Each structure stands twice: as C-alpha cells, then as structure tokens.
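Remarks on the structure that follows.
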Amino acid sequence: MSTLELNYQNVLQRLQLACSQNNRPAQSVRLLAVSKTKPAAMVEAVYALGQRSFGENYLQDGMDKITALSHLTDIEWHFIGPLQSNKTRPVAEHFQWVETVDRDKIARRLSEQRPATLPALNVLVQVNISAEEQKAGVLPAQAHALCTLVSELPNLCLRGLMCIPEATDNEERLRTQLEAMQALYQQLAAEFPAMDTLSMGMSGDLELAIACGSSEIRIGTDIFGARDYPANN
Ligand SMILES: *Cc1c(COP(=O)(O)O)cnc(C)c1O
C-alpha cells in the first residue's frame, strides 16, 4: 500500500471509530479531502480509492486541478478558502460548494454569477465561533441574518454552517467552541429545512468535532502529508 493509501484508510478508520463511539452511523459524516497545494495526480490517486469530495483554498491552484481532472465527472469540489468579492465568478462557475460565505455581497455575487445551466450552488455560512478579531466568518449573532439572505437567493442552496475554531491545545476551550457551534447549528437548522451540514473538524480535532455533532470533517495533512506553504493565506 502507498503512503497515500495508508493515510487515507487511517483517516477513514478514525472517522468510523469516532462515529461508533458516539452512536452515530459512519455515513452521517462526510470526509472532505483538503487537497490545497497538492498536485492533481495526488487528487486522482485519492479519487481512485473512492474519495469524491475535495476541498481547495486557493482559487488558481483549485482551478488548475478542476481543469486537469474534468474527466472525473462525479468529483465534487468545495471552495474552503477566503473569498474576495472580485474573485467570486470562477467559484460560482466551477465549484459545487462554497463553505466560506461570510457577507451579503459575496452571497449576492455568487448567486448572480451561478450559471443557469447548473444546479444551485451549495453554501455554508462561515461562523467566527471563537470571535477572534482578524478571523473570517460572521459572529454567531449575525448568522441568522446571513442565512436568511442565502436561503432567499435564487441560485444558492443554504446547506449549513462551517467554522475554524481557535488554534489551541486547550481541549476544554476547543470543546466549548465546538459545542457552541453545534447549538447554533441546531437552532438554525430548525428554521432552514435545507440545512444538513455542519462542517468542523480537521486533522488534529476530528474526533472531538464528531463528538460535537460535525457532519463534515475537512482533512488535509493526515491524508496528503504536510504542506510546503501555510494553510491559510
Ligand atoms: C487547510 C484547511 C483544512 C485542513 O487542515 P489540516 O489540518 O491540514 O487537516 C481544513 N479546513 C480549512 C478551511 C483549511 O484551510
């Protein structure tokens, strides 16, 4: 088995174990393979193992892979990076999901630019659950207003919430944030029936995220190995 395959099977096992420890079916958590900065050949190798959903942070890097792998017709691309309003068009045209919508202007542009020939673009509203100053995402108190807008825009489908909690070794702090996110998600999902996705959990905290109700974990390093340049620009 290749290192890539070993890594991938190991992540799947961690996902399954965390689900069973929390009495959740393994199918209740989607694995998003975060392939940012990694070559198309590695994406294709993981696809060959059965993986279909891939996450990209950087627009050009992602677009290069979408183009190179256009023969994989059932692959699903999620944009998970910071999104500037002048860069929304390629995302609206080439991705199936955007997980980092955090303001009205971005939501409106994505809806306007989504081609009529494609299904609605799946959207997660990014929440700054740790309320850190320079961090992307709406504050929890603003999430309802943005979810309302996204749910009303014609070419978007509001699928749920996403967060990147504080980078901390303090498990209690982390748990507090993930639980706050779960509570916010449950409250909003009761009002917006298309919501089915709570995206939280990365290589270091997937078990805790699944214990706190995550339905999508975003795993880069533990599948593809360390990256040469930083995770977030
Ligand atoms: C890079 C990244 C990930 C994956 O992080 P790893 O620690 O490498 O698993 C998940 N989510 C977002 C938004 C990222 O930018």
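If the cut-off is 15 Å between C-alpha atoms, which aspartates and glutamates fall inside it for Lys105, apart from same-chain ones fewer than 8 positions away? Counting by Cα, and skipping residues close in sequence, Lys105 has these aspartates and glutamates nearby: Glu152. With a 1.4 Å probe and every protein chain kept in, tell me what percent of the accessible surface of the chain is carbon plus sulfur. Here carbon and sulfur together make up 49 percent of the probe-accessible area. For region 79-143, the Kirkwood estimate of hydrodynamic radius, built from reciprocal distances between every pair of different alpha carbons, is 12.2 Å.
Computed with every protein chain present, the accessible area of Glu132 is close to 60 Å² [probe 1.4 Å]. Each Cα pair under 8 Å and six or more residues apart adds its sequence gap; the mean of these over the residue count of region 3-224 is a relative contact order of 21 percent. Straight-line cross-link partners of Lys65 among the lysines, defined as a Cα under 18 Å from its Cα and at least 8 positions apart when in the same chain: Lys36, Lys38, Lys87.
Surface exposure of region 3-224, expressed per residue as accessible area with a 1.4 Å probe, stands at 44 Å². Projected label points at Ala41 and Glu76, each 7 Å from Cα along the beta carbon direction, are separated by 2.8 nanometres. Would you look at the GNM of the chain, springs on alpha carbons closer than 10 Å, and say which of Leu110, Leu118, Leu59 moves the most? Result for the chain, Cα springs under 10 Å: Leu118 fluctuates most. Solvent-accessible surface (1.4 Å probe) assigned to Ile164 amounts to roughly 40 Å².
Considering all different alpha carbon pairs of region 122-229, the Kirkwood hydrodynamic radius works out to 14.4 Å. Roughly speaking, what is the centre-to-centre gap between region 107-152 and region 1-31 when only Cα atoms are used, to the nearest Å? For region 107-152 versus region 1-31, the Cα centre distance is 28 Å.
The charge dipole of region 124-216, taken about its Cα centre with unit charges on the Cβ of Lys, Arg, Asp and Glu (plus for the first two, minus for the last two), comes to roughly 260 debye.
Here the extension length gained between Arg173 and Ser2 equals 57.9 nm, from 0.36 nm per residue of separation less the Cα-Cα distance. Of the residues Thr148, Thr67, Thr117, the one that moves most in a GNM of the chain with alpha-carbon contacts below 10 Å is Thr117.
Over the chain, the hull volume per residue, using the convex hull of the C-alpha atoms, is 125 Å³.
The values are calculated or read from the model by the stated rules, or taken from the named source; none is laboratory data. The structure displayed is predicted, hence computed values, not measured ones. In this analysis, Cβ positions are derived from the backbone assuming ideal geometry, glycine residues included, and neighbour counts consider all displayed protein chains. For accessibility, only protein heavy atoms count, side chains too; no ligands or nucleic acids. Shrake-Rupley method; radii C 1.70, N 1.55, O 1.52, S 1.80 Å.
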